[in-house]
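Each remark here refers to the structure printed beneath this line.
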Amino acid sequence: MGNGLIPKRADVDWEINGHGLVVITVDKILGKFETKISDIFKAPKKVRRSLDDMNSKLWLLMDGKNTIEEIMNAMDEEFAEKISPVSERVSKSIAHFLELGYAEITNIRTNPNN
């Protein structure tokens, strides 16, 4: 992933729980049959995904203002050896958020004063 790119959280519901970790809430994707079964058993229609400490920090940094390089520096500063190698770990986590549709990537800041 290029360092001039800026990851940004997608428009999904999320919160910070009592332990300071991010919890993302998304709609379940159900087929017709699954929907009927879900209705019968009154199953939840949403999935709550709790993130660990490193991915919670990454999520908070993906605010559309920080470049990937800036995020890597902040993550390395906070987690040091725990996140080594930082570039690989951060890139994989961002790629996973992209796959799930929880994030998007924008180009370098358009306003040079940011």
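Take the residues in the stretch 1-53 that are hydrophobic (A, V, I, L, M, F, W, C) and within 15 Å of Gly101 (Cβ to Cβ), then tell me which one is modelled with the lowest pLDDT. I'd like the intermediate steps shown before the answer.
Restricting attention to the stretch 1-53, the residues satisfying the condition of being hydrophobic (A, V, I, L, M, F, W, C) are 1, 5-6, 10, 12, 14, 16, 21-24, 26, 29-30, 33, 37, 40-41, 43, 47, 51.
Filter once more, so that each one left must be within 15 Å of Gly101 (Cβ to Cβ): 10, 12, 14, 24, 26, 29, 47.
Working: Ala10: 96, Val12: 95, Trp14: 98, Ile24: 98, Val26: 92, Ile29: 81, Val47: 90.
So the residue we want is Ile29.
From the residues in the stretch 7-33 that are charged (D, E, K, R) and in contact with a Ser or Thr (Cβ under 7 Å, 6 or more places away or on another chain), which one is nearest to Val47 (Cα to Cα)?
Taking the candidates together, the pick is Asp13.
Can you tell me which of Glu70, Glu81 is surrounded by 12 or more Cβ atoms within 10 Å (Cβ to Cβ) and over 27 Å from Gly18 (Cβ atoms)?
None of the others qualify; the one that does is Glu70.
Here is a yes/no grid of residues against (1) over 21 Å from Trp14 (Cα atoms); (2) polar (S, T, N, Q); (3) assigned to a loop (DSSP other than H, G, I, E, B); (4) at pLDDT below 95:
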{"residue": "Asn55", "(1), (2), (3), (4)": "no, yes, no, no"}
{"residue": "Asn66", "(1), (2), (3), (4)": "no, yes, yes, no"}
{"residue": "Met72", "(1), (2), (3), (4)": "yes, no, no, no"}
{"residue": "Glu78", "(1), (2), (3), (4)": "yes, no, no, no"}
{"residue": "Val90", "(1), (2), (3), (4)": "no, no, no, no"}
{"residue": "Ser93", "(1), (2), (3), (4)": "no, yes, no, no"}
{"residue": "His96", "(1), (2), (3), (4)": "no, no, no, no"}
{"residue": "Arg109", "(1), (2), (3), (4)": "yes, no, yes, yes"}
{"residue": "Asn114", "(1), (2), (3), (4)": "yes, yes, yes, yes"}
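The values are calculated or read from the model by the stated rules, or taken from the named source; none is laboratory data. These numbers come from a predicted model, not from an experiment. Ideal geometry is used to build each Cβ from the backbone, glycine not excepted, and the neighbour counts take in all protein chains shown.
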